[in-house]
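All remarks here apply to the structure that follows.
The values are calculated or read from the model by the stated rules, or taken from the named source; none is laboratory data. Please read these numbers as outputs of a predicted model, since none were measured by experiment. Neighbour counts run over all protein chains shown; Cβ positions are idealised from the backbone, glycine included. Surface areas here come from the heavy atoms of the whole protein model, side chains and all, with no ligands, DNA or RNA. Shrake-Rupley method; radii C 1.70, N 1.55, O 1.52, S 1.80 Å.
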Amino acid sequence: MQVSCCESSVSETLFHVWEEEMPPLVGAELVQTPVQLYRYLLRCCRQLPSTTMQQHYRHAIRQGYNSHSDEDDPERIQMIIQRAITDADWILDKYTKKR
C-alpha cells in the first residue's frame, strides 16, 4: 500500500503536535489534586532561566491557587488542572527555546 504525500504529512504533523504537548516535567500525569498541581507548577518555575521570571510566575501560581480555592466541582477542577499543565508546558517551551 502506497502512502500519499498528504497522508504522510498529516501523520508527521500529528506526531509533532503530540510531541509538543508532552508535559514539561515527569509527573504531570500524576497531578490529581489542586495541592499537587500547585507543587508541580512551583517545580516547573525552577526551570525558568531568570530569577525575575521565577518570581513572577510563582506569584501568578499563588494568585491562581488562591482564586480557585473555593472551587468544588470535580470536573471543573480537572479542567483547571489540565489547562494549567498545558500552560506551564507552553511557558517553559517558550523560554527554554530562547536560550
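Computed quantities for the displayed model
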{"read-out": "Which numbered condition residue 56 misses (of (1) open to solvent by 50 Å² or more (accessible area, probe 1.4 Å); (2) modelled with pLDDT under 95)", "value": "(2)"}
{"read-out": "Selection from the stretch 37-53 of residues that are within 24 Å of residue 76 (Cβ to Cβ) and open to solvent by 90 Å² or more (accessible area, probe 1.4 Å)", "value": "39, 43"}
{"read-out": "Matching residues in the stretch 45-63 - criterion: being out of contact with any helix residue (DSSP H, G or I) (no Cβ under 7 Å at 6 or more places or on another chain), within 22 Å of residue 34 (Cβ to Cβ) and not charged (D, E, K, R)", "value": "55, 56, 59, 60, 63"}
{"read-out": "Sole residue being of a type in the set (D, E, K, R) and either surrounded by 14 or more Cβ atoms within 10 Å (Cβ to Cβ) or at pLDDT below 80 (or both), chosen from 71, 20", "value": "20"}
